[in-house]
1. For the range 568-580, does any single residue satisfy the condition of being free of Cβ contacts under 8 Å to residues at least 40 places away in the same chain and in contact with a Leu (Cβ under 6 Å, 6 or more places away or on another chain)?
2. On the basis of being in contact (Cβ under 8 Å) with a residue 24 or more places away in the chain, under 22 Å from D526 (Cβ atoms), assigned by TED's automatic domain parsing to the domain that holds A715 and among the hydrophobic types (A, V, I, L, M, F, W, C), does L671 make the cut?
3. Which numbered condition in (1) surrounded by 18 or more Cβ atoms within 10 Å (Cβ to Cβ); (2) within 36 Å of the chain's Cα centre (by Cα) is the only one that R728 fails?
4. All but one of (1) within 26 Å of P337 (Cα to Cα); (2) not in a helix (DSSP H, G or I) hold for L562; which doesn't?
5. Can you list residue pairs whose Cβ atoms sit under 6 Å apart, with the first residue in the range 480-503 being farther than 17 Å from G551 by Cα and the second being modelled with pLDDT under 90 and surrounded by 19 or more Cβ atoms within 10 Å (Cβ to Cβ)? Count only pairs 6 or more apart in sequence or on different chains.
6. Kindly provide the set of residues from the range 335-369 that are more than 30 Å from S553 (Cβ to Cβ), touching a residue at least 60 places away in the same chain (Cβ under 8 Å) and under 28 Å from the mean Cα position of the chain (by Cα), ordered by number.
7. Determine if the range 131-144 includes at least one residue that is within 30 Å of P507 (Cβ to Cβ), surrounded by fewer than 19 Cβ atoms within 10 Å (Cβ to Cβ) and free of Cβ contacts under 8 Å to residues at least 40 places away in the same chain.
8. If the requirement is being at pLDDT 85 or above, touching an Asp or Glu at 6+ places or on another chain (Cβ under 6 Å) and over 30 Å from L433 (Cβ atoms), which of these qualifies: Q49, Q57, Q103?
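The values are calculated or read from the model by the stated rules, or taken from the named source; none is laboratory data. All values derive from a computational prediction rather than experimental measurement. Don't worry about glycine lacking a Cβ; one is built from the backbone with ideal geometry, like all the others, and counts go over all protein chains shown.
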Amino acid sequence: MTRRPLCVICLLVIGWLLVSGKYGMNEDSSWTARFYDKKVTVTGQLVKQEQSTTSNQLYLKNNSISYQSKSYKIPNQKQILIFTDDKTSYRAGSLLNISGVCQEIKEPGNPGQFDLKKYYETKEIQMVLNKGKVLSAGRTYWHIRQFLWDVRERFKRTFLQIANEENASVLDAMLLGDKKELDPEVKKLYQDNGIAHILAISGLHISMLGMALHKLLRKLGISWYLSAAAAGAIMSAYGLMTGFGVSTTRAVIMFLVYLLAGILGRTYDILSALALSAVLILTENPRYLTDAGFLLSFFAVLGVAVLAPLIRNTCSCKNKLLESFLVSLAIQLTTIPIVLYYYFEIPLYGVLLNLVVIPLMSLVLGFGIAGGMAGLIFIPAGIFLVSPCYYILGLYKYLCAAVLNLPLAKIIVGKPDLWQMVVYYLLLLAICLIKSKQKSGEIFKWVWGTAFMMFLISRQPGSGMRITFLDVGQGDGICIQAPGGINCLIDGGSSDVKQAGSKRIEPFLKSRGIRKIDYLFISHMDADHINGIMELLEAYALNLAGENASGVSIRRLVLPKLAKKDEEYLEIEKLAKKNKIMVLYFQKGDKILNGRFSFSCLHPSQNSASEDRNENSMVLQMEYKDFRVFFAGDVEGAGEEEMIDSKELKRADILKVAHHGSRNSTLDTFLDAVRPGIGILSCGKDNRYGHPHVELINRLKRAGVAYYATMDYGALEVSSNGRGMDIRSMKNPKNPN
């Protein structure tokens, strides 16, 4: 290590960032709160513009804000992001004056949910404006950056002319760093198979393009110094043109260090170059220390530089294909904890798939650039040269679809705790440092050491009962993790959150390591209870093992037994049967018994004949030892009165308050019968229904019921060992009590 002072400096910088806490949330994030939902005017220089067919995003820096005739300066010169319908292309560095409505950047309400606030802070975006309107634009601009922007736009237009829309969008992402028009299905297909890295401008791209350019210039007889200077300048300009993402910045810095080493007659050391790039990036923006892209980029290089040689030496590898496999395996071993921490699942066959994908990438890059450049001059020539990309990208797509059909294509593990990650890397370090004199001992060490690390990083199921009332906005979604590894879901939908299924419910399930839902209960067919479930069922895709290749598998669907079925009810049944999900029908008196816990149906009864969906809601009572929870769906009116008249209601520790806290639900007589200790309200902030209604809140207070709303606390998690209980919230990890 003393021979690598840059590595020591890098470790000291990272240590200082960890101790000082400067990698954490933006200390100035509350500064913009005064402007939320208010119309303001901002003035700043345009540093980035992202256009798509549906939106235009402008990024301003060196900003000032005007509100109610007062002017404010953005602290620390952070960026402002403006969303506008204006499709005008503005020049780089031009001074723009824009009005818009300041948007609150909300923290995630559920475990596993994408943290948009943290993402924006990592990108140093201080404020977001919607409904932007450009009032004026200055004439002065940055000529070099504007030239690069123009080149990028010309290539984008050319790709659309020489390739079909899907392939053009993939080439835009791979070569220009523009993912705005990327087909969501293609993006998800690549992500699910562990090859999404080829869609980002990274070390793979920079090394392939940079080294090819440098060698070409040398073959043309240009001196090392001039060819290195030219290659370095061109790759730096390429990085600037594509937006200088964190992996691009790392790769460009390392490439420049490689060229500088050659100019100075020094040996290029990959670890020193990696450390230097880390120091430069983190000094500029410490928050990258918690960014998935930064961590994956750097740890992948560590896998190639450190772990791969050790594994190759252990195996005495001389076969090129086996060597490529071992390099891919080394990258997997160094990045698995990070992949799980941010994405919760492992694409099992990604190592093998990359053996095909990565070698062919050089052809995609080469023919893509050649076709794009030729297309600038003569479209037919561009079509001819880019045509090999069609077949390679088609092969990628075919292989990805085929792999997802294999058993265990994606292994959902869950989000590991930080201590698990630390111990994992300490064990990996120990395996690297401990040497055995015999080859068999080395192999034994790697095999069993790796197996133990995999076991350690896997999320183990907890004991007892854990119930999570998800924050789905104005809707319902409840997950129950019961003893014995039994997982249940009650409802899943929202009337004010788009894609509640894929954006909130499924990420939560994966973050908890939930691979299957044993019982999916649907209380009734209102959209705010089923549209997220419908979204997941419509994306359902069975692989060869009969598992859901696109996400979490569902074993049984439990529906209220009704005499009359509406259109939504029939559609749910159809989707379930199509996906080979067993359908059960529940009515009053039916029970599901599973070891130490049970579900009892209290409503609807055989005599229930209301036309109102809410009154026909399936009402469940769950019991675990002495712990009882009442899930009321949206029941109200005649349905609630029918249960009260039955005299069968029991005291409950937890009540999921009916109908999101509406005025006409959860009557005093109902509360007297159930006598809940805690009431959970699932509703969205500032919803148009006024939930929870003040009269309902007053009824809860009179009954002495402590209540918590997901709109205030985010997801609420109740855990119990069958006697006592503990409640925690997402937005306030401490006990709300």
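1. Taking the range 568-580 and keeping what is free of Cβ contacts under 8 Å to residues at least 40 places away in the same chain, we get 570-571, 573-574, 576-578, 580.
Imposing the further condition that a residue be in contact with a Leu (Cβ under 6 Å, 6 or more places away or on another chain) reduces the set to 576.
Checked against the condition, which is being free of Cβ contacts under 8 Å to residues at least 40 places away in the same chain and in contact with a Leu (Cβ under 6 Å, 6 or more places away or on another chain), the range 568-580 yields at least one hit.
2. Working: in contact (Cβ under 8 Å) with a residue 24 or more places away in the chain: yes; under 22 Å from D526 (Cβ atoms): no; assigned by TED's automatic domain parsing to the domain that holds A715: yes; among the hydrophobic types (A, V, I, L, M, F, W, C): yes.
No.
3. Answer for R728: the failing condition is (1).
4. If we test L562 against (1) within 26 Å of P337 (Cα to Cα); (2) not in a helix (DSSP H, G or I), just (1) comes out false.
5. Short answer, once both residue conditions are applied: A482/F597.
6. Within the range 335-369, the subset more than 30 Å from S553 (Cβ to Cβ) is 358-369.
So of that shortlist, the ones also touching a residue at least 60 places away in the same chain (Cβ under 8 Å) come out as 358, 361-362, 364-366, 368-369.
Residues satisfying the conditions are I358, M361, V364, L365.
7. Let us first name the residues in the range 131-144 that are within 30 Å of P507 (Cβ to Cβ), namely 131-132.
From what is left, the residues that are surrounded by fewer than 19 Cβ atoms within 10 Å (Cβ to Cβ) are 131.
So of that shortlist, the ones also free of Cβ contacts under 8 Å to residues at least 40 places away in the same chain come out as none.
No - not one qualifying residue is present in the range 131-144.
8. On the way: Q49 fails: touching an Asp or Glu at 6+ places or on another chain (Cβ under 6 Å); Q103 fails: touching an Asp or Glu at 6+ places or on another chain (Cβ under 6 Å).
Exactly one residue qualifies, and that residue is Q57.
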